[in-house]
Every structure is written in structure tokens, then in C-alpha cells.
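The structure appears below as C-alpha cells.
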Amino acid sequence: MLGGIAGLIGSHIYREKDYPQYRFGHIFVCVCNAVIFVTALALNLYFRYENRRRDRENMDMDCSTLSEDAIDQLGDTRPDHRYTW
């Protein structure tokens, strides 16, 4: 989604004054990649934790009496909802 703004960002982080090594631009890209990696790792760990917690709690809510609309309204609080990655 943010790939479309690469042209705007690239012209500001790969500056002419940094030619020919472009250290600032390369460091900026490495930091962005590190942030993405840490965020993905944190979400992965959170999803695993949340799924295990839901399995342990044995959510005893009976969804058979609810309509499909009511179940859809529950969103990620439905008893059978599990995060995937």
C-alpha cells in the first residue's frame, strides 16, 4: 500500500549531496526494514499467545442460538476465532 509513495520518499532520502554512496538513504531503508521485521515478529508472537489463550479458556459461548448477523457482529470475539499468519 505504501509502495506507491516510494518515488516521493526516494527523492528525499537519496539526496544528491550524498552521492555516490548514499549512506543516509541506505541507512533509512535498513531502519525501515528493521521496523517492519520487528513489527511482524511482535504480531506473530501476539497471535500465537492469543490463540493459545483462547484454546486454554475453552470459550463456552453457544453460537448455535445466534443468527449469522449476530455472529458476524462478534468479530474477533467469537469463540471460534483464531488468528492466522
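General remarks:
- Residue satisfying condition, being at pLDDT below 85 and under 26 Å from the mean Cα position of the chain (by Cα), within set Asp80, Asp60: Asp80
- Residue in segment 1-47 that is farthest from Pro79 (Cα to Cα), counting only those that are open to solvent by 100 Å² or more (accessible area, probe 1.4 Å) and basic (Lys, Arg): Lys17
- The set of residues in segment 30-85 being free of Cβ contacts under 8 Å to residues at least 12 places away in the same chain and either in contact with an Asp or Glu (Cβ under 7 Å, 6 or more places away or on another chain) or among the β-branched types (Val, Ile, Thr) (or both) consists of Val31, Val35, Ile36, Val38, Thr39, Thr65, Ile71, Thr77.
The values are calculated or read from the model by the stated rules, or taken from the named source; none is laboratory data. Everything quoted here is computed from the prediction, not taken from an experiment. We place every Cβ from the backbone using ideal geometry, glycine too, and count neighbours over all the protein chains shown. Accessible surface is based on the protein model in full, side chains and every heavy atom, while ligands, DNA and RNA are left aside. Shrake-Rupley method; radii C 1.70, N 1.55, O 1.52, S 1.80 Å.
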